[in-house]
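Below: the structure, in structure tokens.
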Amino acid sequence: MFSKETYKTRRSELKQLVGNGIIVLFGNNESPNNYPNNGYYPFRQDSSFLYYFGIQRDGLVGVIDVDQDREMLIGNDIDIEDIVWYGSVDSVSNLAASVGVTESAPMAQLQAICDEARAKGRRIHFIPPYRHDIKIQLYDLLGIHPSKQKAEASMQLIMAIVKMRSVKTAEEIEALERASVIGYEMHTTAMRLTRAGVTEKYIAGQLIGVANSYGAQVSFPPIFSQHGEILHGNPSMNKLEDGRLVLCDCGAETIDNYCSDHTRTLPVSGKYTQRQLEIYSIVEDCHDLVLSVAKPGVKYMDCHFAVCRLMTDRLKALGLMRGDTEEAVRAGAHALFLPHGLGHMMGMDVHDMENLDQINVGFDAETRPVLDQFGTNALRMGRRLEEGFVVTDEPGIYFIPALIDDWRKSGHCKEFLCFDEIEKYKDFGGIRIEDDILITKDGCRFIGEKLIPYHPKDVEEFMAKNLTP
């Protein structure tokens, strides 16, 4: 939680950007696992509510009356029975005061506020809800069916939030640095534990434990799998095998809900084979290319296609692709190996603000997504970079047997793809290298004081020296 003044300043700027009407920002409620009192799922506050109100308690709604310059925190104080089971918590009025809000009211009053605004023809601004309980609450308040709530959400409010949250302040960058410290410990723990005979599930569980031990949580369920060709592969009970690669994609979320997101691809035996190094070096150079070209004013879409051209050139050198590089990239032939975008925004959400629609977050009037080409349609971030943006740099090369078979059968991009050679890599898996980068005044830099090893020699040396007995 930042200072009271931080939240007051954010709400003041939000009022100026939205301009009129009433803003209603819903906090989240508890999410029980299998019966009401089993609060298995850790509470996670809505990020936009947190950004403007900074309060972690469930069952709250923030109301900002732009025209009357009023702010109110809506929520019920807990009763004595809850106190018996869970202990005392601050009153809603005290919570409000802690972030510079002078008015508070019980939840029942929210209906009256909305009814009065609607009777006067005033605009009620809300963002698209993503939890079903909030969708029902919004339906009860405004009579908008859940199926229509995304369309009825306020684009004024959405774009104001995107504008503000995209550029990270110094205190936010410090919070992201702290998340990266935990992410470093998670990934180096994976490196220490990776060896033949250990299950994927065991190591993934240890990574979650590292995050929890810092009073934090994971920023997304860890991906730890020898099937690196499955982009979001869940860890299984399979044992790690010598000679294979294991892809580790994980991150931490601090107690004030700022995230990290890194990926490393490790040799189970502790040493990369020559064939693995040939592919790994391409991904490594693509990753490092971004560090040299990403800066304010450059479109991240252009960074993405610079990576695609480099990857295509290098795959041609290995005999896996052929033909003119520009034509191959224009046709999307590289997407057989890289079926996702270069990266995404990072912040309070690991895919920052994605609930506001990725097109609103990663694109703008100048730069639009390409939705009709496989691979490019998965590019989450394309707009011009600005100082203070935090984005992920995560190129990868994957050999996906089903996709290879599909493209070969249909003849898709056959003039650029050497399928006979590609067939030999169906057992390879996949490689991804990912880091979080801050766009600075003149270029970019890594987020994080310590860099998780990713150059092959550094990975091998770390694993050799730090393997847990």
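The values are calculated or read from the model by the stated rules, or taken from the named source; none is laboratory data. The structure displayed is predicted, hence computed values, not measured ones. Note that each Cβ is placed from the backbone with ideal geometry, even for glycine, and that neighbours are counted across all protein chains shown. What goes into the accessible areas is simple: the full protein's heavy atoms, side chains included, and nothing from ligands, DNA or RNA. Shrake-Rupley method; radii C 1.70, N 1.55, O 1.52, S 1.80 Å.
Summary table
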{"quantity": "Average Cα contact separation per residue, the range 279-336, under 8 Å, 6 or more apart, as relative contact order %", "calculated": "30"}
{"quantity": "Contour minus Cα-Cα distance for S3 and K271 (0.36 nm per residue)", "calculated": "91.7 nm"}
{"quantity": "Accessible surface of the range 170-278 [probe 1.4 Å, protein heavy atoms]: carbon and sulfur percent", "calculated": "55"}
{"quantity": "Residue-by-residue Karplus 3J(HN,Hα) for the range 186-202, coefficients 6.51, -1.76, 1.60, Hz, glycine and proline x", "calculated": "5, 5, 5, 5, 4, 5, 5, 8, 5, 6, 4, x, 8, 7, 4, 4, 4"}
{"quantity": "Cα Rg, Dmax, the range 22-114, angstrom units", "calculated": "13.8, 44"}
{"quantity": "The range 1-134, relative contact order [Cα under 8 Å, separation at least 6], %", "calculated": "27"}
{"quantity": "Gyration tensor over alpha-carbon atoms, the range 368-460, equivalent ellipsoid semi-axes in Å", "calculated": "32, 21, 9"}
{"quantity": "Charge dipole (the chain, unit charges on Cβ, about Cα centre) - positive-most of P453, L338, H412", "calculated": "H412"}
{"quantity": "Semi-axes of the equivalent ellipsoid for the range 231-347, Cα gyration tensor, largest first, Å", "calculated": "26, 23, 12"}
{"quantity": "Sequence of T169, T194 when ordered by accessible area, the most exposed leading, probe 1.4 angstrom", "calculated": "T169, T194"}
{"quantity": "Pairwise centroid distance, computed over Cα atoms, of the range 316-375 with the range 106-149, Å", "calculated": "36"}
{"quantity": "Evaluated at q = 0.15, 0.20, 0.23, 0.30 Å⁻¹: base-10 log I(q)/I(0), Debye formula over Cα of the range 85-147", "calculated": "-0.66, -0.98, -1.07, -1.16"}
{"quantity": "Helix 132-142 vs. the chain, principal-axis angle (Cα, 0 to 90°, nearest 10)", "calculated": "40"}
{"quantity": "Per residue accessible area of the range 271-337, 1.4 Å probe, in Å²", "calculated": "38"}
{"quantity": "Table column - 3J(HN,Hα) (Hz), the range 437-447, Karplus curve with 6.51, -1.76, 1.60, x for Gly and Pro", "calculated": "10, 9, 7, 9, 4, 10, x, 7, 8, 5, 7"}
{"quantity": "Efficiency of FRET from Cβ geometry, A119 and S98, R₀ 41 Å, rounded to 0.05", "calculated": "0.80"}
{"quantity": "Cα-Cα pairs of the range 111-200 separated by more than 15 Å (percent)", "calculated": "74"}
{"quantity": "Residues of the range 341-398: accessible area per residue with a 1.4 Å probe, Å²", "calculated": "31"}
{"quantity": "Cα long-axis angle, helix 4-18 against the chain (0 to 90 degrees, to the nearest 10)", "calculated": "90"}
{"quantity": "Area projected by the alpha carbon convex hull of the range 9-71, averaged over all directions, nm²", "calculated": "4.6"}
{"quantity": "The chain - percent relative contact order, Cα under 8 Å, separation 6 or more", "calculated": "14"}
{"quantity": "Full-extension gain in nm, S236 to R70, via 0.36 nm per residue minus C-alpha separation", "calculated": "54.6 nm"}
{"quantity": "All lysines inside 26 Å of K426 as judged from Cα atoms, apart from same-chain residues fewer than 8 positions distant", "calculated": "K201, K239, K271, K316, K409, K414, K457"}
{"quantity": "Crossing angle, helix 108-119 versus the chain [Cα axis fit, 0-90 degrees, rounded to tens]", "calculated": "90"}
{"quantity": "Check: the chain dipole with +1 on Lys, Arg Cβ and -1 on Asp, Glu Cβ, in debye", "calculated": "620"}
{"quantity": "Cα-based equivalent ellipsoid, the range 290-367: semi-axes from gyration tensor eigenvalues, Å", "calculated": "27, 13, 12"}
{"quantity": "Helix-only mean residue ellipticity at 222 nm for the chain, each DSSP H run of n ≥ 4 adding -39500 (n - 2.57), per residue, nearest 500", "calculated": "-12000 deg cm²/dmol"}
{"quantity": "Pair S147, T199: separation of 7 Å Cα→Cβ label points (nm)", "calculated": "4.3"}
{"quantity": "The chain: mean projected area of Cα convex hull, nm²", "calculated": "24.0"}
{"quantity": "Evaluated over the range 337-408, the Cα radius of gyration and Dmax, each in Å", "calculated": "13.8, 43"}
{"quantity": "Inter-site label distance for R330 and I83 at 7 Å from Cα along Cβ, in nm", "calculated": "7.3"}
